[in-house]
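Everything below concerns the one structure shown next.
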Amino acid sequence: MKPAAAARDIGERMRLAYARVHETSMRDVPICNPALAVAAVGFRALGAYAFGVVVTPWFMNFALSPLSPERGAVSRCGHTCAVRLPAGVFDFLGAELEQFGALWTCSL
(Lines give C-alpha, C1' and ligand atoms only; values in the text may rest on other atoms or scores of the structure.)
Protein backbone atom coordinates (compact mmCIF):
# COMPACT_ATOMS: atom_id res chain seq x y z
CA MET A 1 0.00 0.00 0.00
CA LYS A 2 1.33 3.46 -0.85
CA PRO A 3 2.16 5.75 2.09
CA ALA A 4 -0.68 8.21 1.35
CA ALA A 5 -3.28 5.42 1.26
CA ALA A 6 -1.78 3.78 4.35
CA ALA A 7 -1.98 7.09 6.25
CA ARG A 8 -5.66 7.53 5.30
CA ASP A 9 -6.35 3.95 6.40
CA ILE A 10 -4.66 4.57 9.76
CA GLY A 11 -6.75 7.72 10.22
CA GLU A 12 -9.93 5.76 9.55
CA ARG A 13 -8.92 2.96 11.95
CA MET A 14 -8.15 5.60 14.58
CA ARG A 15 -11.53 7.26 13.97
CA LEU A 16 -13.32 3.94 14.45
CA ALA A 17 -11.40 3.21 17.67
CA TYR A 18 -12.24 6.61 19.16
CA ALA A 19 -15.88 6.23 18.03
CA ARG A 20 -16.01 3.02 20.10
CA VAL A 21 -14.60 4.92 23.10
CA HIS A 22 -17.29 7.57 22.59
CA GLU A 23 -20.04 4.94 22.46
CA THR A 24 -18.80 3.18 25.61
CA SER A 25 -16.65 4.81 28.30
CA MET A 26 -17.25 8.45 27.25
CA ARG A 27 -21.00 8.02 26.75
CA ASP A 28 -22.94 10.60 28.82
CA VAL A 29 -19.76 12.21 30.22
CA PRO A 30 -20.56 15.91 30.78
CA ILE A 31 -17.48 17.22 28.91
CA CYS A 32 -18.70 15.62 25.64
CA ASN A 33 -20.17 18.09 23.18
CA PRO A 34 -23.28 16.43 21.68
CA ALA A 35 -22.97 18.57 18.54
CA LEU A 36 -19.67 16.87 17.58
CA ALA A 37 -18.86 13.46 16.16
CA VAL A 38 -15.52 11.65 15.99
CA ALA A 39 -13.50 12.55 12.89
CA ALA A 40 -9.99 11.91 11.57
CA VAL A 41 -8.93 14.91 9.51
CA GLY A 42 -6.15 15.33 6.96
CA PHE A 43 -4.23 12.11 7.58
CA ARG A 44 -1.12 11.94 5.39
CA ALA A 45 2.30 10.34 5.38
CA LEU A 46 4.99 12.24 7.29
CA GLY A 47 8.22 10.27 6.95
CA ALA A 48 7.58 6.80 8.39
CA TYR A 49 4.40 7.95 10.15
CA ALA A 50 0.76 8.75 9.50
CA PHE A 51 -0.07 12.25 10.75
CA GLY A 52 -3.40 14.04 11.11
CA VAL A 53 -5.90 15.55 13.53
CA VAL A 54 -8.41 13.57 15.56
CA VAL A 55 -11.55 15.44 16.64
CA THR A 56 -13.82 13.90 19.26
CA PRO A 57 -16.68 15.35 21.32
CA TRP A 58 -14.19 15.72 24.22
CA PHE A 59 -10.83 16.69 22.60
CA MET A 60 -8.92 17.64 19.46
CA ASN A 61 -5.38 16.26 19.05
CA PHE A 62 -2.60 15.90 16.54
CA ALA A 63 -2.04 12.16 16.13
CA LEU A 64 1.01 10.31 14.87
CA SER A 65 1.26 6.56 14.25
CA PRO A 66 3.77 4.39 12.36
CA LEU A 67 2.73 3.65 8.77
CA SER A 68 3.79 0.06 9.48
CA PRO A 69 5.22 -1.63 12.59
CA GLU A 70 8.62 -2.15 10.96
CA ARG A 71 8.89 1.50 9.76
CA GLY A 72 8.66 3.30 13.08
CA ALA A 73 8.18 3.09 16.79
CA VAL A 74 6.07 4.84 19.39
CA SER A 75 7.54 5.77 22.77
CA ARG A 76 6.12 4.02 25.78
CA CYS A 77 2.72 5.05 27.08
CA GLY A 78 3.01 8.22 29.15
CA HIS A 79 6.42 9.24 27.79
CA THR A 80 6.90 12.32 25.63
CA CYS A 81 8.75 12.76 22.37
CA ALA A 82 9.62 16.01 20.58
CA VAL A 83 8.44 15.93 16.95
CA ARG A 84 9.56 18.47 14.37
CA LEU A 85 6.69 19.63 12.17
CA PRO A 86 6.71 22.42 9.55
CA ALA A 87 5.24 24.79 12.19
CA GLY A 88 7.88 23.95 14.80
CA VAL A 89 8.69 21.35 17.44
CA PHE A 90 5.79 19.85 19.40
CA ASP A 91 5.78 17.47 22.37
CA PHE A 92 3.77 14.30 21.72
CA LEU A 93 2.68 11.87 24.41
CA GLY A 94 2.93 8.12 23.85
CA ALA A 95 -0.44 6.40 24.26
CA GLU A 96 -2.20 3.10 23.70
CA LEU A 97 -5.67 3.16 22.15
CA GLU A 98 -7.79 0.05 22.66
CA GLN A 99 -8.60 -1.70 19.37
CA PHE A 100 -6.00 0.46 17.58
CA GLY A 101 -2.61 0.21 19.27
CA ALA A 102 0.23 2.60 19.98
CA LEU A 103 0.20 6.23 18.89
CA TRP A 104 1.50 9.65 19.85
CA THR A 105 -0.85 12.52 20.60
CA CYS A 106 -0.42 16.26 21.02
CA SER A 107 -3.31 18.19 22.51
CA LEU A 108 -4.66 21.10 20.52
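Computed quantities for the displayed model
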read-out	value
Probe 1.4 Å, protein heavy atoms only - accessible area per residue of the chain in square angstrom	59
Selected from Gly88, Ala40, His22, residue furthest toward positive end of dipole (the chain; charges at beta carbon)	Gly88
GNM flexibility winner over the chain from Arg13, Arg76, Arg27 (Cα, springs under 10 Å)	Arg27
Accessible area of the chain belonging to carbon and sulfur atoms, whole % at 1.4 Å probe	57
Most mobile of Leu67, Leu16, Leu85 in a GNM of the chain (Cα contacts under 10 Å)	Leu85
Loop sites in the range 4-108: GluC sites (Glu not before Pro), DSSP, at most 15 other Cβ within 10 Å	Glu70, Glu98
Relative contact order, percent, the chain [alpha-carbon distance under 8 Å, six or more residues apart]	22
Principal-axis tilt of helix 3-23 within the chain, Cα atoms, nearest 10 degrees	20
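The values are calculated or read from the model by the stated rules, or taken from the named source; none is laboratory data. For clarity, every value in this text was computed on a predicted model and none was experimentally measured. Glycine gets a Cβ as well: all are built from the backbone with ideal geometry, and neighbour counts include every protein chain shown. Note: areas computed on protein heavy atoms with side chains; ligands, DNA, RNA excluded. Shrake-Rupley method; radii C 1.70, N 1.55, O 1.52, S 1.80 Å.
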